[in-house]
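Taking it in order: structure first as structure tokens, then the write-up.
We did not get these values from a lab; they are worked out from the coordinates using the rules stated. None of the values given here were measured: they were computed from a predicted structure. No Cβ is skipped: glycine too gets one built from the backbone with ideal geometry, and neighbour counts run over all protein chains shown.
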Amino acid sequence: MSLPGLTTINKGRDSSEHAPKNRLFFKLLKSKEFSVLSALLVLSVAVSLLSPYFLRVQNIFNVLRQISVIGILAVGQALIIITSGIDLSVGSILGLMGVISALLASAGLHPILIFILAILIGCLVESINGLLVTKVRINPFIVTLGMMSIARGTSLLITGGLPISIENPITFLGGGYVGPVPVPVILMFIVAIMGHVFATKTLPGRNVYAVGNNERAAKLSGIRVDRVKIMVFMIMGGLAALSGMILSGTLNSAEPSAGTGYELDVIAAVVIGGVSLTGGEGSIIGVIIGAAIMGVLRNSFVLLGVSAYWQVVAIGIVTIAAVAIDSIKNRKRD
Amino acid sequence: MLSNDILLKIEGISKSFPGVRALDNVSFDVEKGEVHAIVGENGAGKSTLMNILSGVYIPDAGRLLFDGDEVRFRDPRHAQETGIAMIHQELSLAHHLSVMENVYIGRLKKNKLGFIDHRGMFLRCKIELECLGISDIEPDALIKDLSVSQMQMVEIAKALSLNAKLIIMDEPTSSLTNKETEMLFAIIRSLKNKGVSVLYISHRMEEIFEISDKTTVLRDGTYIKTLYTKDTTPKELVSLMVGREFNRTFQRKNKEIKPDEIPILEVKSLSFGKKVKDVSFKVYPGEIVALTGLVGSGRSELVQTIFGLNNKDKGTILLNCERVEINSPTRAIELGLGMVPEGRKTQGLFLRMKVRENITMANLPRLCKMLFISNTKEHDAAHSYTSSLRIKTSSTEQQVQYLSGGNQQKTIIARWLLNNPRILILDEPTHGVDVGAKSEIYEIINKLAEEGVAIILISSELPEVLTLADRILVMHNGSISGELSREEANQEIIMQYATNQINKEMVK
């Protein structure tokens, strides 16, 4: 690397720029993921004290399985929210992609081909969101609210409102097991790891944060902001397609109404996981833990025999509490 | 002076933020009808103190006596009602409302029916503005249609209409032209005659010596000294501010252009909207060309158009005599251009990202293998620039928002140096930067020019332009109104070109 001739002005005032390694622990303690993780642990300990079933392997897999779809979608949603966008159409696109993959299955395609095609179509559908947000400059809230309706309507039109049953090995994605582990759980972990690596180690991942932090500065630094935004929507589309196949695979049938209301759960998981709604901040690991908190919460209500309606209320309270904590922290920081 | 002339007594004020002691036991007095300058490097605690006085922050310790009574401000409104008004550096006006609505915001005049009395408000606002000698702002104009300096005047009118006894001005002239600054000073003098006190924060020594009666120096959050301005010198103030004798007067060797040299950048009749009209100029390697003129004269728009941020209406750009199309900053960077934009927080920094990430942002593709960022390459790059530019930060992993203004600016400069630009555009690179960092930035610019980098420097500070530039282009109203070599340039001539003063005077 050539430093353009700055050696002479380097009068070498010693700077304490290398953080000592033993402070790593404290850094970890201060990190957002840590506070989310501790919340999850506290919650889990509490539930396990109240119900002996909670820590059984069977139940743990059950919880993981329940959160897998929300977790996968939350990875995509997190990337969009970090660019300071939002996607309300995820649930509907999930439903639509379930239906489309069922149609592909009934056309007798090879499962691998179905998989690839579904992912591509998912990307394509979400790229419409991305294009409308960047090129026509419509607010993402409005664009995806419209798309939510369009995608749902399309699934209903295609199916006539009736579920399509699937007889194809593609259902392995939703109903299969590898040893004792349900396939959706494995898929969630793969997506989470890929998402984490993407966000922290790659150029496009870094650009996602840059755009969310300061769009203008990103543009001036040579980042093609529009492309970054379209990219995150397309990633979301691929993940929505994967989720659609998982959900229809679990039931061996594609419901046109599958995924209704998921957008709220997904956004809740992202927010609980510590992603700032103003963009520019957040981590994929945090988001997965956020999804897990919601899963454990739901599971505890079932185990403790509390009315399912309270679940809905509790999720809402936790979501608001998470944002409140974040906002109070931010206020202190100024 | 008698003690009953004291308007504000600051006693032992302290304030800490997580990890920083911003103010430590600061005490001094402000008398009635005095202009009291506050100076100090960035991070000395000026802004924190002003925010305490205007009710934004609550001090951890100490007390304030205003007009003889102890006051504890709950919020800025409470401070305003008590008689302290603050004019922020970043103006706090509602852009989509009219001038009068902004002046009377929160206490709009009502008529008998309880509706807003637009007519009454219009007339009162008009009078208020005329008291300030302002005739070119209509009370019903929208703020967004005003120039920055006009906005400043509206802020002052607002403060006056509140019957403030103490007006705090934070860098009020940073976006004003010399003529407007003179106007502001006239207003300050008339305020003084009415017995209003002014706390005046500025980095500009000339202004402090022109307008202030007393000057208080802060350093690292502590009170250093209050002096009668007429009894001190800029040199003394600067040495009090930095805590050491400051005698580095920057001197640059002029770049000489050989007759057969080819320009690295040539702009031919470039136009963009109403802001850039038919501009042509050349820049040679190793040359520092200053682009000056009033705020709003089109300087920033011109460089943004060159950098591909605006789509030009017509004109050509040649690099090394080769015609290039620059349709995006990405393309500009590929061609070896760099730009440190004006407004480091709005256009430059990624505030919640790390110093390291801020430094490598424009050069990341070159630090990647496939699409993966090389950890070692990135850290090395960040480390070598934090040390070579002496960026003061606890670590390259620190979020850039916690750095002082000067170090933030150096971080942005580092981003562009890392890119090895052939042409570097610097738009107000020392705006709001303290004296120490300023001279370091000058050294960097000079060094780059010696390395053969062509520099386009936009600056409103004429001393800066005169110190650094080989050639000075003055803009007025979207076109270049004058070109001066360093020898023929001085502040008066530049201002004449910048304002077209000569012509106007002659018409009169």
Which Rg and Dmax, in Å, describe the Cα atoms of region B:361-406?
11.9, 35
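Counting Lys +1, Arg +1, Asp -1, Glu -1, what net charge surrounds B:LEU418 among other residues with beta carbon under 13 Å of its beta carbon?
Working: positive: B:ARG356, B:ARG366, B:LYS377, B:LYS410, B:ARG415; negative: B:GLU357, B:GLU378, B:ASP380.
Counting the neighbours of B:LEU418, the net charge comes to +2.
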Relative to the present Cα-Cα distance, how much length would full extension add between B:PHE115 and B:GLU70 at 0.36 nm per residue of separation?
12.5 nm
Using a simple spin-label model with points 7 Å from Cα along the Cα→Cβ vector, what separation in nm is obtained for A:HIS110 and A:LYS329?
4.7
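Hydropathy at least -0.5 by Kyte-Doolittle, axial extent at least 18 angstrom from the Cα trace: which helices of chain A, defined as entire DSSP H runs, fit?
The qualifying helices are A:32-50, A:57-82, A:90-106, A:111-134, A:140-159, A:183-201, A:225-251, A:284-303, A:308-333.
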So what J values fall out for region B:279-293 if you push phi through Karplus, 6.51 cos²θ - 1.76 cosθ + 1.60 with θ = phi - 60°, rounded to Hz, Gly and Pro as x?
9, 10, 6, 10, 10, 9, x, x, 9, 9, 9, 8, 10, 10, x
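Let me check against my output: what whole-number percent is the relative contact order of region B:390-508, with C-alpha pairs under 8 Å and at least 6 apart? Write out the running numbers ahead of the final one.
Values: 107 pairs, mean separation 20.5, N = 119.
Relative CO of region B:390-508 lands at 17 percent.
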Please list, ordered by chain and number, the residues whose modelled amide H lies under 5 Å from the amide H of B:LEU7; skip anything fewer than 5 residues away on the same chain.
B:VAL30, B:GLU31, B:LYS32
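When all alpha-carbon pairs of chain B are counted, what percent fall beyond 34 Å?
42
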Dipole of region B:399-451, positive end: most advanced residue of B:ILE444, B:VAL400, B:THR430 [Cβ charges, Cα centre]:
B:VAL400
Taking θ as phi - 60°, what are the ³J(HN,Hα) couplings along region B:45-50 by the Karplus curve (6.51, -1.76, 1.60), each to the nearest whole Hz, with x for Gly and Pro?
x, 4, 5, 4, 4, 5
Within-13-Å neighbourhood charge of B:ASN311 [Cβ basis; K, R +1; D, E -1]:
+1
Do me a favour and compute the ellipsoid semi-axes for region B:346-433 from its Cα gyration tensor, root of five times each eigenvalue, largest one first, whole Å.
20, 15, 11
For each of A:SER92, B:SER459, B:SER439, count neighbouring Cβ atoms within 10 Å of the residue's Cβ, then give the residues from fewest to most.
B:SER439, B:SER459, A:SER92
Over all directions, average the projected area of the Cα convex hull of region B:95-203 and note it in nm².
7.1
Give the order of B:ASP170, A:ASP265 when sorted by the count of other beta carbons within 10 angstrom, beginning with the fewest.
B:ASP170, A:ASP265
Distant-in-sequence amide H partners of B:SER280 (H built 1.01 Å from N, under 5 Å):
B:SER269, B:LEU270, B:ILE480
Taking amide H positions as placed in the peptide plane 1.01 Å from N, state which residues far from B:ILE38 in sequence (5 or more) or on other chains have amide H under 5 Å from it.
B:TYR200, B:ILE201, B:SER202, B:THR216
To make sure I understand, if each residue's beta carbon is the centre and we count other beta carbons within 10 Å, what order do B:ARG366, B:ARG124 fall in, fewest to most?
B:ARG366, B:ARG124
Quick check: pseudo-label points 7 Å beyond the Cα along Cα→Cβ at A:ALA308 and B:THR376, how many nm apart are they?
5.7
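Below 8 Å, C-alpha to C-alpha, sequence gap of six or more: please give me the relative contact order for chain B in percent. Show your work: numbers first, answer last.
Details: 970 pairs, mean separation 75.2, N = 508.
Averaging sequence separation for qualifying contacts and normalising by length gives 15 percent for chain B.
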Could you go through region B:449-461 in sequence order and give the Karplus-derived ³J(HN,Hα) for each residue, using 6.51 cos²θ - 1.76 cosθ + 1.60 with θ = phi - 60°, rounded to whole Hz, and x for Gly and Pro?
4, 4, 6, x, 6, 7, 10, 10, 10, 9, 7, 8, 8
Which residues does the label zone of B:ASP5 cover in region B:208-234, counting backbone N under 17 Å from a point 7 Å along Cα→Cβ?
B:212-216, B:226-231
Taking R0 as 45 Å, what's the FRET efficiency between B:ILE257 and B:LYS369 from their Cβ-Cβ distance, rounded to 0.05?
0.60
Ranked highest first by average number of other Cβ atoms within 10 Å, how do B:403-410, A:136-143 line up?
B:403-410, A:136-143
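With N set to the residue count of chain A, report its C-alpha Rg divided by 2.2 N^0.38 Å to two decimal places.
Values: Rg = 21.6 Å, N = 334, 2.2 N^0.38 = 20.0 Å.
Output field value: 1.08.
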By the C-alpha gyration tensor axes a ≥ b ≥ c (rounded if a/c is under 1.5, else prolate when a/b exceeds b/c, else oblate), the shape of region B:3-242 is prolate
Run the quick spin-label model on A:LEU264 and B:SER16: label points 7 Å from Cα toward the beta carbon, then report their separation in nm to one decimal.
4.5
What percentages make up the Cα-Cα pair-distance distribution of region B:19-69 when the bins are 10 Å wide from 0?
19, 58, 21, 2
For region B:3-242, size of Cβ-based charge dipole, Lys and Arg +1, Asp and Glu -1, in debye
580
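Residue separation times 0.36 nm, minus the C-alpha to C-alpha distance between A:LEU156 and A:ARG56: what's the value?
Working: separation 100, 0.36 × 100 = 36.00 nm, distance 3.95 nm.
Taking 0.36 nm per residue and subtracting the Cα distance, the gain is 32.0 nm.
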Helix B:148-161 versus the longest principal axis of chain B: what is the Cα-based angle in degrees, 0 to 90, to the nearest 10?
10
Rg and Dmax of region A:54-109 over Cα atoms: what are they, in angstrom?
15.5, 43
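So what's the net charge close to B:ASP136: Lys and Arg +1, Asp and Glu -1, counting the other residues with Cβ under 13 Å from its Cβ? Spell out each step's value before the answer.
Numbers: positive: B:LYS126, B:LYS179; negative: B:GLU130, B:GLU138, B:ASP145, B:GLU180.
Within the 13 Å Cβ shell, the charges total -2.
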Using the 2.2 N^0.38 Å rule of thumb for compact globular proteins, work out how the protein assembly as shown stacks up: its C-alpha Rg over that value, please.
1.08
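Mind checking Rg over Rh on region B:88-141, alpha carbons, Kirkwood formula for Rh? Spell out each step's value before the answer.
Numbers: Rg = 11.8 Å, Rh = 11.8 Å.
Taking Rg over the Kirkwood Rh, I get 0.99.
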Charge dipole (debye, nearest 20) of chain B; +1 at Cβ of Lys and Arg, -1 at Cβ of Asp and Glu:
980
How are the Cα pair distances of region A:188-334 distributed, in percent, across 5 Å bins from 0?
2, 8, 14, 18, 18, 17, 11, 6, 3, 1, 0, 0
Per the Kirkwood definition applied to all pairs of different Cα atoms, how many angstroms is the hydrodynamic radius of region B:360-508?
17.5
